[in-house]
Amino acid sequence: MNGIVVHLPEGSDGHVVGGEHGTATLRIGPGERARFGRGAPDVPVEILFADAAVSRLAGEIVATADHWQLTNHSATHGYLVENPEGAGEYLRVPPRRIGAPIPFEFSRVVLPTRRGSPASLQVFAPDHLYLDPQRTGGPAGSRTVTAYSLDETAAYFLVLVALCEPWLRDRSPVAVPTTPQVVERLRGHPVHGELTARAVSSHIDYLAEEKLRTGAAPAGTEGTARRKGKREAVVAVALRFGIVREEHLALLPVRTAAPSAPGC
């Protein structure tokens with residue numbers, strides 16, 4: 001993976017500085033960093049939060065080759081880094097901690113605020129590599145790794161299964177599900193049933209640009225066409241290489257039967 005993706009979820013009260021209105025995603029290459037905080041003319045930040053309890057320079061995220069690090073510039077507030085897809089795992093980065101390594105593939109960084117809800121940002125980490133399950137022995141440096149390292153327990157994989165479902169069930173060319181259709185299909189899932197359209201879109205971006213490296217939606221493609229191109233590309237790769245298979249359909253919520261029409 002080429003760096004990390006930082007995403008601001010709905011309700012985070014933050015935005016990416018210098019981006020178009022509503023920009024919520026920032027990509028950071030290996031060795032690059034993104035600062036976040038309330039900012040000031042002499043304290044530039046890439047991710048801006050407006051809450052008065054957030055420091056002018058609250059912290060910074062640094063991408064490395066295989067993980068990312070969090071520095072807490074606050075002198076008083078600790079930050080929580082949660083694993084939203086785990087069993088409640090989290091770690092606390094205390095005030096003034098420099099370069100804390102974060103082990104989760106998908107993380108939520110939570111900052112205390114004066115509002116009823118804390119400020120937060122989501123970080124999609126560098127690709128976690130896994131050994132090929134059919135590997136043979138040999139020096140560690142020469143072992144075969146999987147071409148596409150996907151976590152089948154992650155929300156992005158569930159989104160991918162929902163996108164591939166029509167092909168796996170009907171085995172015939174159909175229109176790729178739209179983002180709202182994916183949101184509705186996952187409603188009722190015990191863990192990820194509250195995913196919003198914005199969250200689903202960020203997972204599709206992550207799949208297309210980092211996990212499956214499709215190269216979809218070239219520069220100059222915008223709006224609906226760009227989004228559709230990414231959805232079609234991830235479905236094509238997932239089906240062509242058997243990344244998503246029929247047994248994965250069991251991960252989706254059970255469809256409820258449509259109510260019968262009166263008189264039927």
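The values are calculated or read from the model by the stated rules, or taken from the named source; none is laboratory data. Note that the coordinates shown come from a computational prediction; the quantities given were computed from them, not determined experimentally. Ideal geometry is used to build each Cβ from the backbone, glycine not excepted, and the neighbour counts take in all protein chains shown. Only protein heavy atoms, including side chains, enter the accessible area calculation; ligands, DNA and RNA are left aside. Shrake-Rupley method; radii C 1.70, N 1.55, O 1.52, S 1.80 Å.
The residues of segment 161-216 expose on average 46 square angstrom of accessible surface per residue, using a 1.4 Å probe on protein heavy atoms.
Annotation note: GluC sites (Glu not before Pro) in segment 77-127 located in DSSP loop regions with a Cβ neighbour count of at most 16 within 10 Å are GLU89. The simple spin-label model puts a point 7 Å past each Cα toward its Cβ; for SER149 and THR178 those points are separated by 3.7 nm. The P(r) of segment 149-208 has a tail past 19 Å containing 26 percent of all C-alpha pairs. Accessible surface ranking for THR113, THR178, THR153, 1.4 angstrom probe, highest first: THR153, THR178, THR113.
Within segment 32-130, the trypsin sites (Lys or Arg not before Pro) that combine a DSSP coil assignment with at most 15 other C-beta atoms in a 10 angstrom radius are ARG56, ARG96, ARG114, ARG115. Net charge in the neighbourhood of THR71 (other residues with Cβ under 12 Å of its Cβ; Lys, Arg +1, Asp, Glu -1) is +3. The phi torsions of segment 96-101, fed into the Karplus equation with coefficients 6.51, -1.76 and 1.60 and a -60° offset, translate into couplings of 6, 6, 9, x, 5, x Hz, rounded to whole numbers, with Gly and Pro shown as x.
Mean separation of Cα pairs under 8 Å and 6 or more residues apart, divided by the residue count, gives segment 27-124 a relative contact order of 22 percent.
Residue-wise HN-Hα couplings along segment 181-191, as the Karplus relation 6.51 cos²θ - 1.76 cosθ + 1.60 with θ = phi - 60° gives them from phi, are 5, 5, 4, 5, 5, 8, 4, x, 5, x, 10 Hz; Gly and Pro carry x. Spatially, segment 38-98 and segment 182-206 are offset by 25 Å when compared through their Cα centroids.
Given a 1.4 Å probe and the protein chains as shown, PHE49 ends up with an accessible area of around 0 Å². Here the Karplus relation 6.51 cos²θ - 1.76 cosθ + 1.60, evaluated at θ = phi - 60°, turns the backbone of segment 74-83 into coupling constants of 5, 8, 10, 9, x, 10, 9, 10, 9, 9 Hz, with x for every Gly and Pro.
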